[in-house]
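Take a look at the structure below.
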Amino acid sequence: MAFKLPALPYEYDALQPHIDKRTMKIHHTKHHNGYTTKLNAAIEGTKLKGKKIEEILKNASKHGAGVRNNGGGYYNHNMFWKVMSPKGGGQPKGKLAKAIDADFGSLDKMIAEFKAAAGTRFGSGWAWVCVSSRGKLFVTSTPNQDNPLMDCADKKGTPILCLDVWEHAYYLKYQNKRPDYVAAFFNVVDWSAVSKLYSKATAKKKK
Ligand code: MN3
């Protein structure tokens with residue numbers, strides 16, 4: 001089975017004014033679609049075909065640039081669309097809220113660390129909140145389309161929140177003002193979706 005571009009769970013204009021319609025449409029139909037198509041082409045006729053994306057990314061450094069870049073692009077955007085919602089913003093609840101307080105001190109401290117990671121990632125890349133192999137939350141960033149599932153990541157973990165800081169994700173609306181885009185992102189973060197990813201990531205660790 002080839003990888004498929006997932007439909008957005010909301011309309012292209014649903015995240016306005018924080019993320020504009022034109023950016024969302026180009027980002028999904030051109031960029032994400034491109035990564036998906038190129039990933040399928042890169043694994044066609046190889047033993048990677050039919051494997052889960054997480055399995056492929058685990059050994060990303062061994063599969064060559066085509067699989068690493070496009071496999072990362074495919075996975076990262078899948079998660080990115082899911083952790084945003086027009087009903088987003090506010091604060092996390094339940095176990096996730098407790099874990100954030102325990103591991104960062106407060107939500108504000110976690111967000112400050114995330115903003116710093118997103119702001120200081122030079123060039124193109126991503127900012128992440130992840131669950132470590134010991135079940136602790138941490139913030140990190142990755143270059144290009146790398147992600148914390150990859151063997152080549154500086155800090156490895158299971159991602160539960162991500163932000164695309166490539167210029168294609170914000171330039172039309174924010175131009176060079178990346179910090180404004182990063183701040184606006186928190187108005188559309190879907191904490192219930194992040195909580196589900198957190199539960200899944202921590203359940204996995206207990207096995
Ligand atoms: Mn992108």
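The values are calculated or read from the model by the stated rules, or taken from the named source; none is laboratory data. Keep in mind that this is a model prediction, so the values were computed, not measured. Every residue, glycine among them, receives a Cβ derived from its backbone with ideal geometry; neighbour counts consider all protein chains shown.
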Which residues, taken from the range 89-113, are buried (at least 19 other Cβ atoms within 10 Å of the Cβ) and either touching a Ser or Thr at 6+ places or on another chain (Cβ under 9 Å) or without any contact (Cβ under 8 Å) to a residue 60 or more places away in the chain (or both)?
P92, L96, A99, I100, F104, M110
Qualifying positions in the range 1-14 - buried (at least 18 other Cβ atoms within 10 Å of the Cβ) and either within 21 Å of L149 (Cα to Cα) or within 14 Å of the ligand (Cβ to nearest atom) (or both):
F3, L8
Quick one: in the range 19-52, of everything that is within 16 Å of the ligand (Cβ to nearest atom), β-branched (V, I, T) and without any contact (Cβ under 8 Å) to a residue 60 or more places away in the chain, which residue is nearest to F3 (Cα to Cα)?
T36
So, H31, is that one farther than 17 Å from S124 by Cα and either at pLDDT below 95 or surrounded by 15 or more Cβ atoms within 10 Å (Cβ to Cβ) (or both) or not?
no
Scanning the range 76-122 for residues that are within 16 Å of the ligand (Cβ to nearest atom) and in contact with an Asp or Glu (Cβ under 9 Å, 6 or more places away or on another chain) gives N76, H77, F80, K82, V83, M84
When the range 154-207 is examined, which residues are found to be buried (at least 21 other Cβ atoms within 10 Å of the Cβ) and more than 15 Å from M79 (Cβ to Cβ)?
Y170, Y181, V182
Mind checking which residues of the range 64-104 are assigned to a helix (DSSP H, G or I) and of a type in the set (G, A, S)?
A65, G66, G71, G72, G73, G94, A97, A99, A102
Just a yes or no: is a residue in the range 157-169 over 12 Å from the mean Cα position of the chain (by Cα), more than 16 Å from the ligand (Cβ to nearest atom) and either assigned by TED's automatic domain parsing to the domain that holds F122 or in contact (Cβ under 8 Å) with a residue 24 or more places away in the chain (or both)?
yes
